[in-house]
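Have a look at the structure below, then the notes.
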Amino acid sequence: MNTHSFKLDNTMAKRNILVTGGSGFIGTNFIRHALKIRPDWEILNLDALTYAGNPLNFDDLNEDNRRNYKFAKGNIKDSQKLNEIFSQTNFHGVINFAAESHVDRSIAKPDEFIETNVTGTFRLLEASRKFCKSTRDFRFIHISTDEVFGSLGSEGYFTETTPYNPSSPYSASKASSDHLAKAYFCTYDFPAIITNCSNNYGPYQFPEKLIPLMIMNIIEDKPLPVYGNGKNIRDWLYVIDHCEAIIKVFEEGTPGETYNVGGNAEKQNIDIVHLLCKLLDERLQRTGKETSCNLIEFVTDRPGHDKRYAIDSKKIREKLGWKPRFDFMEGMKLTIDWYLDNMKWVESVRSGTYREWIDTNYKDRGKSL
Ligand code: NAD
Ligand code: DAU
């Protein structure tokens with residue numbers, strides 16, 4: 001443990017943690033996992049419940065976990081709501097997941113990405129700063145992405161000192177929010193810490209992102225839209241490994257620092273799609289049928305599509321002792337099983353504005369879903 005350690009002293013009372021965006025993919029996994037492994041945390045989840053947030057994600061919490069969980073519907077842009085929340089509870093920390101997160105949506109309509117990711121983060125920082133009395137008692141963890149660094153060529157890795165070079169409105173908005181968090185540390189000594197993580201996969205991910213979209217389309221025998229030549233590379237991390245990295249950073253990270261988090265699992269998109277076809281064909285015992293790979297359609301590329309992401313996570317591994325627990329194949333099998341067992345969840349999140357979005361934005365890109 002380093003000198004800035006913020007780990008709970010066993011003699012202390014409960015810790016109050018404000019999680020924003022906790023009803024989305026990573027936030028849900030984070031809250032569910034933290035409630036299990038940190039019984040001394042009381043979590044308030046503040047979420048605006050956009051298309052990406054699902055309040056049903058917490059319906060099956062057991063009694064112990066339910067006692068430590070509260071929900072408030074609200075927007076991180078709403079300063080009044082934030083002040084109200086901060087005036088009611090003495091928080092030990094804020095973990096900010098709230099964001100618009102889908103690159104394709106940011107290309108089609110960037111407005112809300114600037115509103116939530118930039119203005120919303122600014123308002124949350126401002127409300128937290130007013131509330132935070134001393135660096136000793138508080139942490140603000142800003143959850144960010146490796147996309148702020150732009151694209152890599154065939155070699156090299158993103159480190160914490162790689163210059164920012166975002167390509168999409170999404171990554172530019174996240175870069176902007178990172179700069180704000182950093183500026184609050186430099187200017188006000190506000191104890192913000194940033195994590196920049198690679199692509200997550202696992203349960204509760206909205207079926208617009210590559211892995212859950214392909215899983216659902218394979219199950220439903222629909223076309224599998226691969227952008228460009230399918231050779232773009234992402235570095236994949238099982239979501240629970242990301243959640244554990246965030247807990248490490250919250251408890252032991254140094255204010256003002258940033259930590260890269262990645263899985264050392266670089267894959268071409270087309271290889272992921274082939275693997276999902278193989279695993280699902282086996283799992284669904286589609287033996288008499290042609291392979292699901294026949295459903296693959298190469299479609300118009302994403303504009304500004306970053307070629308390759310790869311994270312060097314040496315700093316968090318060496319300084320905080322974090323490392324991923326799930327290997328890629330294990331994580332993929334767990335993810336597939338979760339979607340097969342939770343088709344009702346998929347239906348519930350798809351029944352909102354999702355269909356409308358697909359119809360208006362994807363038709364002219366050659367996607368026929
Ligand atoms: P998500 O889209 O699944 O969830 C976002 C959540 O934020 C939803 O519950 C939504 O309702 C809520 N939200 C949106 N706008 C809000 C607002 N103005 N006020 C309050 N709540 C709001 O996103 P995710 O994939 O879980 O990503 C969470 C965070 O992690 C984001 O900041 C994202 O940039 C970052 N991140 C994601 C990945 C990934 O692979 N998914 C990787 C690295 C970093
Ligand atoms: O790297 C971290 C980022 O990972 C996060 O910051 C983002 O919030 C998260 O959405 C994710 O961004 P990507 O753009 O990498 O994820 P997505 O699942 O949208 O796409 C992964 C790759 O697959 C990308 O190269 C585009 C490609 N793709 C995606 C979709 C949805 C396809 O080929 N076909 C598709 O239908």
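Along the Cα→Cβ direction, 7 angstrom out, place labels at residue 136 and residue 37. What is the inter-label distance in nm?
Inter-label distance under the simple model: 2.9 nm.
Just name one of 173, 24, 195: the one whose Cα is farthest towards the positive end of the charge dipole of the chain (beta-carbon charges, Lys/Arg +1, Asp/Glu -1).
Of the listed residues, the answer is 195.
Taking K and R as +1 and D and E as -1, what net charge do the other residues with C-beta under 12 Å from the C-beta of residue 261 add up to?
Neighbourhood net charge equals -1.
Add +1 for every Lys or Arg and -1 for every Asp or Glu among the other residues with Cβ under 13 Å from the Cβ of residue 94, and state the total.
+3
Which listed residue (321, 41, 212) has the Cα farthest towards the positive end of the charge dipole for the chain, taking +1 on Lys and Arg C-beta and -1 on Asp and Glu C-beta about the Cα centre?
In the chain, that residue is 41.
I'd like the Karplus ³J(HN,Hα) series for segment 68-78: coefficients 6.51, -1.76, 1.60, θ = phi - 60°, whole numbers in Hz, and an x wherever there's a Gly or Pro.
Working through the residues one at a time gives 9, 10, 9, 10, 10, 7, x, 10, 5, 7, 8 Hz.
State the percentage of accessible surface on segment 203-322 attributable to carbon and sulfur atoms; use a 1.4 Å probe and exclude ligands, DNA and RNA.
47 percent
Using 0.36 nm per residue of separation minus the Cα-Cα distance, give me the extension gain between residue 220 and residue 271 in nm, one decimal.
Length gained between residue 220 and residue 271: 16.4 nm.
In whole Hz, what ³J(HN,Hα) sequence does segment 267-276 give by Karplus (6.51, -1.76, 1.60; θ = phi - 60°), x for Gly and Pro?
9, 6, 4, 5, 5, 4, 5, 4, 4, 4
Over segment 234-277, what is the relative contact order in percent, taking alpha-carbon pairs closer than 8 angstrom and at least six residues apart?
Across segment 234-277, relative contact order equals 63 percent.
With a probe of 1.4 Å, find how much accessible area segment 69-226 has per residue, and write the answer as a whole number in Å².
38 Å²
Could you work out the relative contact order of segment 202-319? I mean the mean sequence separation of Cα pairs under 8 Å and 6+ apart, divided by the number of residues, in percent.
Once normalised by length, the contact order is 41 percent.
Using r as the Cβ-Cβ distance of residue 282 and residue 49, and R0 as 25 Å, what FRET efficiency do you calculate, to the nearest 0.05?
Given R0 = 25 Å and the Cβ-Cβ separation, E is 0.10.
Residue 59 versus residue 300, label points 7 Å from Cα toward the beta carbon: distance in nm?
The answer from the label model is 3.8 nm.
Could you name the lysines in cross-link range of residue 109, using Cα to Cα under 16 Å and dropping any fewer than eight places away on the same chain?
174, 363
Amide H of residue 308 versus every other amide H placed in the peptide plane: which residues, excluding those fewer than 5 positions away on the same chain, fall under 5 Å?
Correct list: 152, 233.
Using the Karplus equation 6.51 cos²θ - 1.76 cosθ + 1.60 (θ = phi - 60°), what ³J(HN,Hα) coupling, rounded to whole Hz, does each residue of segment 199-210 give in order, writing x for Gly and Pro?
5, 9, 8, x, x, 6, 7, 4, x, 10, 8, 3
Using a 1.4 angstrom probe on heavy atoms only, work out the carbon and sulfur share of the accessible area of segment 94-137 in %.
52 percent
Mind listing the long-range amide H neighbours of residue 197? Cut-off is under 5 Å, sequence gap 5 or more, other chains count too, H placed in the peptide plane at 1.01 Å from N.
144, 145, 146, 261
Please report, in debye to the nearest 20, how large the charge dipole of the chain is about its Cα centre when each Lys and Arg carries +1 at its beta carbon and each Asp and Glu carries -1 there.
460 debye
Given R₀ = 35 Å, FRET efficiency for residue 115-residue 291 by Cβ-Cβ distance, to 0.05?
0.20
Kindly flag which residue pairs out of 209/278; 36/315; 231/315; 14/333; 323/344; 36/333 have an alpha-carbon separation exceeding 24 Å in this structure.
As for pairs spanning more than 24 Å Cα to Cα, those are 36/315; 231/315; 14/333; 323/344.
With +1 on each Lys and Arg Cβ and -1 on each Asp and Glu Cβ, how big is the dipole of segment 21-174 about its Cα centre, in debye rounded to the nearest 20?
540 debye
Run the numbers on the chain and let me know its relative contact order in percent, using alpha-carbon pairs under 8 Å that are six or more apart.
18 percent
Would you pull out the residues with amide H under 5 Å of residue 296's amide H, same chain only if 5 or more places away, H placed 1.01 Å from N?
Counting only residues 5 or more places away or on other chains, the set is 224.
The values are calculated or read from the model by the stated rules, or taken from the named source; none is laboratory data. Because the structure is predicted, anything quoted here is derived from the model rather than measured. Ideal geometry is used to build each Cβ from the backbone, glycine not excepted, and the neighbour counts take in all protein chains shown. Protein only, heavy atoms only, side chains kept; ligands, DNA and RNA dropped before computing areas. Shrake-Rupley method; radii C 1.70, N 1.55, O 1.52, S 1.80 Å.
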